[in-house]
Amino acid sequence: MGWMTDALQALTQGKDITVRPRGGSMRGVIEDNQPVTLAPVNPLEVRAGDVVFVRWKGGALLHLVKDATPERVLIGNALGRINGWARRSDVLGRVARIHPRTSGP
């Protein structure tokens, strides 16, 4: 969980961080190993369509906000799967920039 641990540490310190998330659940929005910059965010400012780094079931996810209420956000991946509702206080950061893909590791 290297990139997630680094992101958690930076965001809780109020710092932006560029990471390379792994996996295919966000394919079409963020590709496997594509650099993204995460920034701290006021959870009350998060809206549907944002990509957030959120605490989820003992870990963390980088997923889309599908819907939002004053207390919670509905998160899911870019392939149509819905994970469920998370408290806004569990939102740790938001994607500030998706960097162009580069070749190589």
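The values are calculated or read from the model by the stated rules, or taken from the named source; none is laboratory data. These figures come from a predicted structure and were not determined experimentally. With ideal geometry, Cβ positions are generated from the backbone for all residues, glycine too; neighbour counts draw on all protein chains shown. Just so you know, the surface numbers come from the protein's heavy atoms only, side chains and all, with ligands and any DNA or RNA stripped out. Shrake-Rupley method; radii C 1.70, N 1.55, O 1.52, S 1.80 Å.
Working from Cα positions, state the angle (0 to 90°, nearest 10) between the long axis of helix 2-12 and the longest principal axis of the chain.
Between the helix axis and the principal axis of the chain, the angle is about 50 degrees.
Which GluC sites (Glu not before Pro) from the range 7-105 combine a DSSP loop assignment with at most 11 other Cβ atoms within 10 Å?
Listed in order of number, the matching sites are E71.
Calculate, for the chain, the solvent-accessible area per residue in square angstrom, rolling a 1.4 angstrom probe over the heavy atoms of the protein chains.
It amounts to 55 Å² per residue over the chain.
Given only helices, namely DSSP H runs of n ≥ 4 each adding -39500 (n - 2.57), what is the per-residue ellipticity at 222 nm of the chain, to the nearest 500 deg cm²/dmol?
Taken over the chain, the calculation gives -3000 deg cm²/dmol.
Between the range 62-88 and the range 10-35, how many Å separate their Cα centres?
About 17 Å separates the Cα centre of the range 62-88 from the one of the range 10-35.
Report, to the nearest whole %, how much of the accessible area of the chain belongs to carbon and sulfur atoms, 1.4 Å probe, protein only. Walk me through the numbers on the way to the answer.
Numbers: 2880 of 5790 Å².
Solvent-exposed carbon and sulfur of the chain make up 50 percent of the total.
How do 10-17, 34-41, 88-95, 63-70 rank on mean C-beta neighbours within 10 Å, highest first?
88-95, 34-41, 63-70, 10-17
Can you tell me the Rg and Dmax of the range 46-105, counting just the alpha carbons, in angstroms?
Using the Cα atoms of the range 46-105, the pair Rg, Dmax is 12.3, 42 Å.
Return a whole-number percent for the relative contact order of the chain, with Cα pairs under 8 Å and 6 or more residues apart as the contact set.
Details: 213 pairs, mean separation 29.0, N = 105.
Relative contact order here is 28 percent.
Once you put a point 7 Å from the Cα of R81 and another 7 Å from the Cα of W56, both along the Cβ direction, what distance in nm separates them?
The two pseudo-label positions are separated by 0.8 nm.
Using the Cα atoms of the chain to build a convex hull, what is its mean projected area in square nanometres?
6.1
Of the options I98, G23, T37, report the single residue whose Cα projects farthest towards the positive end of the charge dipole of the chain (beta-carbon charges: Lys, Arg +1; Asp, Glu -1).
Going by the charge dipole, the pick is G23.
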